[in-house]
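The values are calculated or read from the model by the stated rules, or taken from the named source; none is laboratory data. In this text, all values refer to a predicted model and were calculated from it rather than measured experimentally. Positions of Cβ are backbone-derived with ideal geometry, glycine not excepted, and every protein chain shown enters the neighbour counts.
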Amino acid sequence: MAIALIMAGGKGERLWPLSRSERPKQFSSLFNRTFFQMTVERITPFVGQNGVYAVAQAQHCSEILREIPFLGREHLIVEPIGKNTAPSIGLSALHIARRNPEEIMIVLPADHLIQKEDHFRDLLFWGCELAQMDYLVTLGIRPSTPHTGYGYIHCGDPCEQSNQIPAYRVLQFTEKPDTETAKRYCAEGTYFWNSGIFLWKAQVILEEMEKYLPQLFAGLSEIKKHIGKPDEQAITRDVFQNLDALSIDYGVMEKSKRVVMIPADIGWNDMGSWEALGDIFQKDDFQNAFSGKYLGIDSQGCIICNQKPVITYGVDDLVIVERDDIILVLPKKRSQEVKR
């Protein structure tokens, strides 16, 4: 019915030092499993083991095969250089379309949390039906707060419906807005968070890339000529070195006329910041969120990710990360600045 493409190439810089260059957040473990393993376990009942693919850079391939032994190298697509999601998805769609142009791709980030997994898979059935109609499908999350760290989807009128689940025409994608704009989006009720989860036919996304990303499509066409030949890796590397780093959202989804959105109440969290991770940690009576042994005295609203026991006394709204050889302390309101 479909294949799942798990994008495992992100750096996770906003979750440093839990996420490090040699072990980014998708391969970090907080729940006795890594985020990547949880993503595979979530989608395998829908597509089967033979329907799971991953795309990642070469330095992470051995870790992927260690964590998911059934994957096999033939289902592992190697991007030579990280150039954001559009080239990564384009390269993957190229390989998948060679096997079956009509194959539906479910594109999933490797590092998200979804708590309502059964409902999530129900929505994927509807998403696959829409993808069969040549739509580009995305899942939208109704915002609970005016979050400035997420992209937003502005939806228009319903265009399709199945089992009382509507699909809406997408009017606009908006990257991370300022606080006042995010508040307005939340109040209007027609804006949803961009989950980064997509469904489409392999051939359809390539057609849209040809239309809206001609430089990328030209590079993919060059790679296609050399697939299976001795110089495939060298040509792929040369092409990628000359590509612009573009997200699929900016490169295609913001421009295409085929985009529809399914509202998805699936308990979604993108694990993209310390505040997001704090939402899933256990909490004490004073809303201190922690992953290890912790005692808060006259402390409120802190986020603690720790291996050793941590005690706070008389402090509020701090992020404290104790990981291996590093301790990070910063105000929670500045947690989006960790990349600095």
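Can you name every residue in segment 47-63 that is at pLDDT 90 or above and either buried (at least 17 other Cβ atoms within 10 Å of the Cβ) or in contact with a Ser or Thr (Cβ under 7 Å, 6 or more places away or on another chain) (or both)?
Residues of segment 47-63 that are at pLDDT 90 or above, as a first pass: 47-56.
The answer is Val47, Gly51, Val52, Tyr53, Ala54, Val55, Ala56.
Which of the residues belonging to segment 273-294 are surrounded by fewer than 19 Cβ atoms within 10 Å (Cβ to Cβ) and either touching a helix residue (DSSP H, G or I) at 6+ places or on another chain (Cβ under 8 Å) or not assigned by TED's automatic domain parsing to the domain that holds Val319 (or both)? Quick ask: steps written out before the conclusion?
Restricting attention to segment 273-294, the residues satisfying the condition of being surrounded by fewer than 19 Cβ atoms within 10 Å (Cβ to Cβ) are 275, 279-287, 292-293.
Within segment 273-294, just Glu275 meets the criteria.
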task = Could you grab the pairs with beta carbons closer than 9 Å, sequence gap of 6+ or different chains, first residue in segment 125-143 and closer than 14 Å to Lys257 by Cα, second one basic (Lys, Arg) and surrounded by fewer than 23 Cβ atoms within 10 Å (Cβ to Cβ)?
result = Asp134/Arg258; Tyr135/Arg258; Leu136/Arg258
request  = Mind listing just one residue for me: the one in segment 144-166 that is free of Cβ contacts under 8 Å to residues at least 60 places away in the same chain and polar (S, T, N, Q) and, of those, surrounded by the fewest Cβ atoms within 10 Å (Cβ to Cβ)?
outcome  = Gln164
key: Every residue from segment 148-167 that is part of a loop (DSSP other than H, G, I, E, B) and in contact with an Asp or Glu (Cβ under 9 Å, 6 or more places away or on another chain)   = Thr148, Gly149, Tyr150, Gly151, Asn163
Out of Leu136, Leu113, Leu71, sole residue that is closer than 25 Å to Phe217 by Cβ and crowded, with 17+ Cβ neighbours inside 10 Å = Leu136
task = Look through segment 107-132, keep the residues that are more than 16 Å from the chain's Cα centre (by Cα) and of a type in the set (A, V, I, L, M), and return whichever of them is nearest to Gln57 (Cα to Cα).
result = Ala131
ask   = If you go through segment 9-20 one residue at a time, do you hit one that is more than 15 Å from Ala202 (Cβ to Cβ), surrounded by fewer than 19 Cβ atoms within 10 Å (Cβ to Cβ), in contact (Cβ under 8 Å) with a residue 40 or more places away in the chain and within 18 Å of the chain's Cα centre (by Cα)?
value = yes
inquiry  = Considering only residues that are under 17 Å from Leu18 (Cα atoms) and acidic (Asp, Glu), which ones fall in segment 267-315?
reply    = Asp270, Glu275, Asp279
request  = Would you be able to say whether some residue in segment 114-122 is modelled with pLDDT under 95 and aliphatic (A, V, I, L, M)?
outcome  = yes
ask   = Name the pairs: first residue in segment 62-75 and on the phi > 0 side of the Ramachandran plot, second residue part of a loop (DSSP other than H, G, I, E, B), Cβ to Cβ under 7 Å, at least 6 apart or on different chains?
value = none
message = When the residues of segment 327-340 are narrowed to those that are in contact (Cβ under 8 Å) with a residue 40 or more places away in the chain and touching a strand residue (DSSP E or B) at 6+ places or on another chain (Cβ under 9 Å), which ends up farthest from Trp16 (Cα to Cα)?
response = Lys332
query = So which residues in segment 175-217 are farther than 25 Å from Ile114 by Cα, modelled with pLDDT of 90 or more and among the hydroxyl-bearing types (Ser, Thr, Tyr)?
reply = Tyr212
request  = List every residue pair whose Cβ atoms lie under 9 Å apart, where the two residues are 6 or more positions apart in sequence or sit on different chains, the first residue falls within segment 83-101 and is farther than 19 Å from Asp134 by Cα, and the second residue, located anywhere, is part of a helix (DSSP H, G or I) and among the aromatic types (Phe, Trp, Tyr).
outcome  = Lys83/Phe240; Asn84/Tyr250; Pro87/Phe240; Leu91/Phe240
